[in-house]
Amino acid sequence: MVDIPVPGPDGGPDRDGASDTRNTSHVPLRTRIIDWVQFIRSLAVNLIVIFSIVAILVLLTRELLREPVIIEEVSLPPALIEKGYSGAVAAQRIWDAITDIQVKSRTHKTQTALIAANRQLNVSEPGTGISLQQLTQALRSMLKLPQTRIAGEVLCMTPGCAMSELHLRLRVFEGGRMHVLSSDPMGAGSLDGYIHVSAMRVLEVIDPFVLAAYLYYYEMRPLDAIDLAEDLMRRQHPQSAWAANLIGNHFLDQDQPAAALPHYRRALILSEEFGPEEFPEPHTNIGLAMIELGDHQSAIQQFWNAIEINDGNFEVWRALGRALLAEGDPLAAAESLEVAAQLAPDDSLTWTIWGEALTAAGRHQEAFRKYHMAIDIDPLDTRPRTAWRHALSEYIEAGTDRCVRAGPPVAVYLRVAGRGVPEDFRSGLLALRHSCGLPVPSDTEDS
């Protein structure tokens, strides 16, 4: 027997019926809107929480992976604070001085990252008192990831705290050790000079090769730079490969390429032990030394070795072009120099050598445009003017149609080269044009 539900008063199943269901369409619209608003609000809160956790993890990972040198706020005596001086500003001045030396060192080596403590990104969790920096430091300590920090104080040597008697003492915490760098009182010198000397002493600890490069290339103190480089190698410092490369540069700069080669080769050997893993500089420098020694084939191979490591250095492509041109392959040289010009379009020398390669390949019209570009970049450079003059003379003499060749190419040369044209050569060109019935060159005549 089958039970049939008895219809209720509204025509639907009775309350006691087994098939009693509720039609959600009878839920009021206002109630449904409130439910949706609550759902969206809950979803938004959850997404914000998830995004915050991911963002903190990303920031935390980035902070752990990078190794900046932190410059703490410098402690100042009350007398200086009363005069309006600030420890944070003092730390920033030290940062400025170190960064200035790094820029002027002109080295391809990766620079040590510096950051003043008051510029660190510091995210705090409300209500817990825990900050990103505290968490990072705790994890660094737990994972044994040391971080170099610089702290210090300014001491007054007299009761009045005169500027000439200020004494800066810095502490560098690096590799589990502390280096105390104590300077003499400032004396009659400037504050900038005093901080600069202190910055040099800091770099001698945290990034000594940069200091050596700065002494060599900027302050023109090669003997001091080489002494520091040799000391790094004696101590088997991690920057020994860079030091050996600098010593090689010193000999190459002294026109002693044969004496430079052993140091460049030693730099390659040291890089296998101390790094960097990718070290194209010695290959490039060996190639330059080989050019000076006349061994262009070996130079070309060394330049290709450097390019395989880093193909973004225009100087290597330019040097390769020089070697290929000297080896008698001007078309390959032109291709290399074209790459160099793409990487450094404002380098006058690249455009000049490119013009010389095209001249050697017999493509004079193209070469003239390269010389033109070189002069536009550096109007004081005499090399493109000289090269253009020789190429133009060769171009005119190479054909039987001298009057055609004495047209726009000569006019453009005279206009662009200007006063750089020797008077006897100018007179010869003007005489040639006159004999061909060509007018005095004007600015409207072009090649």
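The values are calculated or read from the model by the stated rules, or taken from the named source; none is laboratory data. Model, not experiment: these values are computed from the prediction. Cβ: placed from backbone, ideal geometry, glycine included. Neighbour counts: every protein chain shown.
Things worth noting here:
- Where E204 falls short, out of the listed (1) among the acidic types (D, E); (2) outside any helix (DSSP H, G or I); (3) under 21 Å from T110 (Cα atoms): (2)
- Qualifying residue in segment 227-239 (condition: within 25 Å of W304 (Cβ to Cβ) and touching a helix residue (DSSP H, G or I) at 6+ places or on another chain (Cβ under 7 Å)): no
- Here S298 meets each of (1) touching a Ser or Thr at 6+ places or on another chain (Cβ under 7 Å); (2) over 23 Å from Q111 (Cβ atoms) with one exception, condition (1).
- Taken over segment 140-165, the residue count meeting the criterion of being part of a helix (DSSP H, G or I) and either at pLDDT below 65 or touching a strand residue (DSSP E or B) at 6+ places or on another chain (Cβ under 8 Å) (or both) is 4.
- Hits in segment 82-113 - residues which are within 25 Å of E315 (Cβ to Cβ) and acidic (D, E): D100
- In this entry, V172 is excluded by the filter for residues that are free of Cβ contacts under 8 Å to residues at least 24 places away in the same chain, surrounded by 14 or more Cβ atoms within 10 Å (Cβ to Cβ) and either under 16 Å from T112 (Cβ atoms) or of a type outside the set (F, W, Y) (or both).
Okay, residues lined up against (1) within 19 Å of F274 (Cα to Cα); (2) free of Cβ contacts under 8 Å to residues at least 40 places away in the same chain; (3) crowded, with 20+ Cβ neighbours inside 10 Å:
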{"position": "S190", "(1), (2), (3)": "no, yes, no"}
{"position": "A199", "(1), (2), (3)": "no, no, yes"}
{"position": "P208", "(1), (2), (3)": "yes, yes, yes"}
{"position": "D224", "(1), (2), (3)": "no, yes, no"}
{"position": "E230", "(1), (2), (3)": "yes, yes, no"}
{"position": "Q236", "(1), (2), (3)": "yes, yes, no"}
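- Given (1) surrounded by 21 or more Cβ atoms within 10 Å (Cβ to Cβ); (2) part of a loop (DSSP other than H, G, I, E, B), index of the condition A213 fails: (2)
For (1) closer than 30 Å to R171 by Cα; (2) of a type in the set (K, R); (3) in contact with a Phe, Trp or Tyr (Cβ under 9 Å, 6 or more places away or on another chain); (4) at pLDDT 95 or above, each residue gets a yes or a no:
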{"residue": "Y217", "(1), (2), (3), (4)": "yes, no, no, yes"}
{"residue": "H296", "(1), (2), (3), (4)": "no, no, no, yes"}
{"residue": "F303", "(1), (2), (3), (4)": "no, no, yes, yes"}
{"residue": "I307", "(1), (2), (3), (4)": "no, no, yes, yes"}
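- Taken together, I101, I56, I33, I48 contain a single residue that is of a type in the set (V, I, T), closer than 25 Å to L168 by Cα and either modelled with pLDDT of 80 or more or surrounded by 10 or more Cβ atoms within 10 Å (Cβ to Cβ) (or both), which is I101.
- In this structure, Q236 does satisfy being assigned to a loop (DSSP other than H, G, I, E, B) and among the polar types (S, T, N, Q).
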